[in-house]
1. For residue 57, list long-range residues whose amide hydrogen, built 1.01 Å from N in the peptide plane, is under 5 Å from its own amide hydrogen.
2. Normalised by the residues of the stretch 2-127, what does the relative contact order come to in percent, with Cα pairs under 8 Å and at least six apart?
3. Beta carbons within 10 angstrom, averaged per residue: use that to sort the peptides 64-70, 42-48, 96-102, highest first.
4. How much length is gained on full extension from residue 90 to residue 34, taking 0.36 nm per residue of separation minus their Cα-Cα distance?
5. What order, most packed first, do the peptides 104-114, 83-93 have when packing is the mean number of other Cβ atoms within 10 Å of each residue?
6. What does the charge count near residue 75 come to, summing +1 for each Lys or Arg and -1 for each Asp or Glu among other residues with Cβ under 11 Å from its Cβ?
7. Between residue 98 and residue 123, what FRET efficiency follows from the Cβ-Cβ distance if R0 is 41 Å, with the result rounded to 0.05?
8. Assuming R0 = 22 Å, what is the FRET efficiency of residue 42 and residue 13, from their Cβ-Cβ distance, to the nearest 0.05?
Amino acid sequence: MTDKSKTLEFPIVENFSPEVPIEVFGIGKTIKVVASVDTGSTGFLQIPLAVGIKANLRLFGTRYYQLADGRKVKKLECIGKIRFAGKELFGIISLSETSDDCLLGMQFLEALGMDFTVSPKRNRAIFKLLLEKKIDVPPKRVKKKAKKKKK
């Protein structure tokens, strides 16, 4: 990982997805994992059930997710906090009973406030901090007093 003025770079692995280090905060425990960025996922974070138990995450319900192949799967959900690149983010963490992958989805990227690009020539994934857009505010209009018509 390199850090150049709010730019972070990570290597791309075999599945053409960057793997990034994150920390998952549970009740009284913090677990370090490596997660793949999955731009096909609309969620925040998916981790294996065993990692969720180890992190001592508190369950709050279940939800059905539709996979890329059209199948629907039921997953346990937790509200959790993760840390990436010094930023702490809250979101819904889904627990998978069938996958050993840790996957960061689009909700994570949106909450992060960083742009994400892939540089195949350099075999790197690049995260750049999005600068706040400057909004041009039109000047206030001064109401002119209406002239009274003379009779």
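Only the coordinates and a few stated rules stand behind these numbers; no lab work does. Just so you know, these numbers come straight off a predicted model, no measurement behind them. For neighbour counting, all protein chains shown are included, and Cβ atoms are generated from backbone atoms with ideal geometry for every residue, glycine included.
1. Hits under the 5 Å cutoff: 27.
2. 30
3. Averaged packing, sorted descending, gives the order 42-48, 96-102, 64-70.
4. Details: separation 56, 0.36 × 56 = 20.16 nm, distance 1.75 nm.
Full-extension gain reported as 18.4 nm.
5. Result, highest mean Cβ count within 10 Å first: 104-114, 83-93.
6. Working: positive: 63, 72, 74; negative: 77, 97.
Charge balance near residue 75 sits at +1.
7. With R0 = 41 Å, the Cβ-Cβ based efficiency is 0.85.
8. On the way: r = 22 Å, r/R0 = 1.00.
Once the sixth-power term is evaluated, E becomes 0.50.
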